[in-house]
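Written out below as structure tokens is the structure these notes cover.
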Amino acid sequence: MEIPFANRQVAARLLVQQLLPLRGQHGVVLAVPRGALPMGAIIAQALGWPLDVVLTKKLGHPNNPEYAIGAVSEHGYVLSPNVQLPGAYLTRQVAAIQANLKARRQAYQGHRPPLLLAGRPVVIVDDGVATGQTLLATIALVREQQPARIIVAVPVSSPEALRHLQQAADEVICLLAPPDFRAVGQYYQDFREVTDAEALAALHPAQRPAA
């Protein structure tokens, strides 16, 4: 199989070609750390939009923390349908996760608050989607901030995850959804882990729109 993407940067430039009609709108690019931050920086610069991180973490079941029953963001939380939880557990876990997310934001952005999304188009960038569960939760949590619309931009996705994303987002730009999808990394020649230093280097020059 010919590997379609040399690296994340090449994939981001291909996504830019599909996203350029958005240029000139007052939008925000949100990147899923750490892998998507170099991609988000390229897209944000091309659109003239600011870049921010989108921080979410799964909420585990009280009897099995690895089993996700929802997700938490800096702003709120979402639960899977028909989930019943003790109120004290939910309050405690959401507070603990949000404290963790706050610490992560400070590591990335210092004391700079998250960008306001209300009334603005938002592009959520990830480097690829396997099951889509984390990204679906991210969309739901971003939706609570009442953006004008949510566009998901990913180079590659499993077909099943793509169908779910198309139902959840206002628009999905996905370059590949191969029927024999097995893992995101198989579609990149270079899929090395993005380090914290690389993520920070990608994030900070793109905090404000290009002139």
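The values are calculated or read from the model by the stated rules, or taken from the named source; none is laboratory data. Computed from a predicted structure; not experimentally measured. All Cβ positions, glycine included, derive from the backbone under ideal geometry; neighbour counts span all protein chains shown.
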Quick one: Ala68 ticks every box in (1) part of a strand (DSSP E or B); (2) surrounded by 20 or more Cβ atoms within 10 Å (Cβ to Cβ); (3) in contact (Cβ under 8 Å) with a residue 60 or more places away in the chain except a single one, so which number is it?
(2)
Complete set of residues in the stretch 161-179 that are over 22 Å from Leu20 (Cβ atoms) and at pLDDT 95 or above
Arg163, Gln167, Ala168, Pro178, Pro179
May I ask you to list the residues in the stretch 139-173 that are within 20 Å of Ile42 (Cβ to Cβ) and buried (at least 20 other Cβ atoms within 10 Å of the Cβ)?
Ile150, Ile151, Val152, Ala153, Val154, Pro155, Val156, Ser157, Val172
Candidates Val156, Val122, filtered to the one that is of a type in the set (A, V, I, L, M), farther than 21 Å from Gln109 by Cβ and in contact (Cβ under 8 Å) with a residue 40 or more places away in the chain
Val156
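Residue-by-condition table, conditions (1) under 21 Å from Asp196 (Cβ atoms); (2) in a loop (DSSP other than H, G, I, E, B); (3) free of Cβ contacts under 8 Å to residues at least 60 places away in the same chain:
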residue	(1), (2), (3)
Gln84	no, yes, yes
Arg92	no, no, yes
Asn100	yes, no, yes
Pro113	yes, yes, yes
Leu117	no, yes, no
Ala140	no, no, no
Give the stretch 73-82 a look and list any residue that's part of a strand (DSSP E or B) and touching a residue at least 40 places away in the same chain (Cβ under 8 Å), or say none.
Ser73, Tyr77, Val78
Are any of the residues in the stretch 180-188 closer than 20 Å to Val29 by Cα, touching a residue at least 24 places away in the same chain (Cβ under 8 Å) and in the same structural domain as Val28 (by TED's automatic domain parsing)?
no
Can you find a residue that is modelled with pLDDT under 90 and β-branched (Val, Ile, Thr) anywhere in the stretch 51-70?
yes
Any idea which of (1) farther than 29 Å from Ala6 by Cα; (2) more than 16 Å from the chain's Cα centre (by Cα); (3) not in a helix (DSSP H, G or I) is the one Phe181 doesn't satisfy?
(1)
In the list Leu175, Leu162, which residue meets the criterion of being farther than 27 Å from Arg105 by Cα and in a strand (DSSP E or B)?
Leu175
